[in-house]
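Nothing in this text is a laboratory measurement; each read-out follows from the coordinates by a stated rule. These numbers were taken from a predicted model, which means no experiment stands behind them. Here the Cβ is made from the backbone with ideal geometry for all residues, glycine too, and neighbour counts use every protein chain on show.
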Amino acid sequence: MSENDESQRLRGATVQRTTLEEYLRYCHEHLFKSLQISDDLLLTKSSESTTSVDAKYYPLKLRPWEDFLGSQRTHYNIIREVLNGTQLLPSLSYVEERSETADGPNVASEADLNLFERLALEEPAQKVYKVFGPRCQSHPMTQDLECANIRFTNQLPTLQEPDGNEESWRISQTTQKQPRLGFPDRWCGRRLAGEQSGPRNGRGQDHIAFPIGYKAAHKIGVQDFEAALQKEDLFNQVLSNVVGHKLSTGHDRDNDRRDEKVAKALAQIFHYMVCCRSTFGYLTGGHSLIFLRIDEDAQVLYHHMVQPNKDVEAEATDLFFTGVAQLSAFCLKGFLEPRKTKEWLLREQARLQTWPNPYPEMREPTAEVPSSSPKAPSTASYIASSPSPKNDPSRSPPVRLTRSSCKDKELVEEGSGFGDTDSDEDHHSDDAGIQPSVPEAASCSKKRKKGTSDSEYSASIDGASFELEAQQYCTQACLLGLKRQGLLEEKCPNVALHRSPEGGSRHHIDIREFIQLLNAQIGEPCYRYRYYQPVDGKYGARGQLFKLSLRKHGYTFVGKGTFAAALASIEHESKVYSRLDSLQGHLVPVCLGSIDLQTPYPLPMAFIAHMLLLSWGGDRMPEGLYAEEQRESFKRRFLTHGVSHNDMRHRNMPWNEECGTVMLIDFDCATMQLPAKHTQISRLSGKRKRRFSRRA
């Protein structure tokens, strides 16, 4: 073969598609191994304590994840078996091009680490799933899984409660203590095509798998993690120093600082795992990946650390130990695991402590892991890298996976629009206020049916067959009658339950009793999540739309929920609705009042503490159907009541089929002044006063 032929052959080999094994090797050699950590001591010292965990959940115990490698290999083998030597992944030439982007300055910050992780781990994992996802149905353990489009993003498709100042956390004294939330560095999830796509979430729904934390190695090195992860009572030791203001000296002081940094890094990612009800999470320092798990007992955090460079060097022929393989397998584990229930979160909320409050069980720290602790070896809680083939736990019999865990319906998050950081335009543009629901997401958009009989309806709403999603919303006239002690609306689909057992044409209860019964119902654990649930994808900067139903009496309506720090927004909106009382049920929804949730409703990144109760406004319509004249007409009409909406976009003007007109919703940005006629009267009064003063 001539030299020219050989060069052409080599050139062709670099541009052809690769197998999974080839791609993993190329990514490890050209991307992951390119990481260089800054050794600037000034950077290290200037960032010794940058992790904020005040008022965030933290675990009581730290234990090794004993079966991690076995479970990881099981999931890795699923990917291998599905792809089975197919040449569908990016070429060597493509990987080399990406390595040029990654080959920049040494990592000296979380921002640098973010770029490295994206290029060396996250993008390659996405490429693997782009090929694996459409073919995974061929494997019995993933035949119901949808994972072709996985995401690593900074944005969550849900209401996000920001960290507030101390004053904002004192706003509401009626709800139980809540932790501060904040935001993790990254989220991993997958986009589902589903049938719930609509005008806003036409790109499909999304499932959150786990949160991710970045800690650059110049802040916390591999040796720091190795030493701290050996201590089951790490948090006890650290908090005894923090709370007791103990100051060590010399080498002990360095160790204490190291342990505190690791404990805070772990606590931060643990907190987000709990809040979004995720079983898994992971923390990366660049050269190391720390995989985390919580079980039913959230007071125990399980961990396993891998060092791809070191592990691959020891197992040169086993690409399972590469960073991309580890992350890909971990993603599959997360996608197959159902999220924990809201009941679990409420139970564990009561058991967990927030930093720096100590647990009652905390005693004087011990230097060694107690021998009585189950599955906690006295040597270390970090499973050594480079396991020999003989002792490698990953070579044990495969971990059994349950088919039920693959069902996407259980995994879909309350939200949509889980986007990449590069394309969050839609997400941000819709965050200004609560969004009107789209037709696909609300059963009420269908034509209302005739009311059922008392016995049939009572059995459905109070029995095991009750499904909130299937309940039709009460009409505007119905809820207006309830509010004003008026007549029943016979066209309401739920009128049978509104009527007194003795019959009659009036509501069996008044608005005051309605609020009392609703508060009592929400306070009962068995009804807490059955009769009020968030409407998928309908959230804004400060609010999440909920669907609610008052059992036995059958009233079905919506609530605009918000977190404690945004109570003023709900109070303001309630005042606006009061000003517009004469327009309720015609041009604006009926406002039934507001409630405080004694037990906050947990969303992935917010705790709903207050709720404004409203009638259903209507379905969102295409933007092109709205005329500017319609907006101007609304503006003039509302100004006569002294209200300026200030956010009259089409998404705040849904079509109400019952009223046969557009309604205006979301008044959190509205301003109020004296109504126009009052302004004229006050001007006349002023003129008269001046006239009288001149005569005097």
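Hey, fewest Cβ within 10 Å first, where do 275, 474 land in order? Before the final figure, lay out each step's value.
On the way: 275 24, 474 28.
Result, fewest neighbours first: 275, 474.
Ranked by Cβ crowding within 10 angstrom, fewest neighbours first, how are 288, 99, 615 ordered?
Numbers: 288 25, 99 19, 615 29.
The fewest-first ordering by Cβ neighbours comes to 99, 288, 615.
Strictly over 29 Å apart at the Cα level, which of 127/310; 61/560; 491/635; 61/127 would you flag in this model?
Among 127/310; 61/560; 491/635; 61/127, the Cα-Cα distance tops 29 Å for 61/560; 491/635; 61/127.
For the range 592-607, just list the computed ³J(HN,Hα) in residue order, Karplus coefficients 6.51, -1.76 and 1.60, θ = phi - 60°, integers in Hz, with x standing in for Gly and Pro.
Values, residue by residue: 9, x, 9, 9, 9, 8, 4, 10, x, 7, x, 9, x, 9, 7, 10 Hz.
Using modelled amide H (1.01 Å from N, peptide plane; none on Pro or chain starts), what sits under 5 Å from the amide H of residue 593, excluding residues fewer than 5 places away?
Amide H neighbours of residue 593: 613.
Take 483, 575 and order them by how many other Cβ atoms sit within 10 Å, fewest up front. List each step's numbers first, then the result.
Numbers: 483 20, 575 13.
Ascending number of Cβ neighbours within 10 Å: 575, 483.
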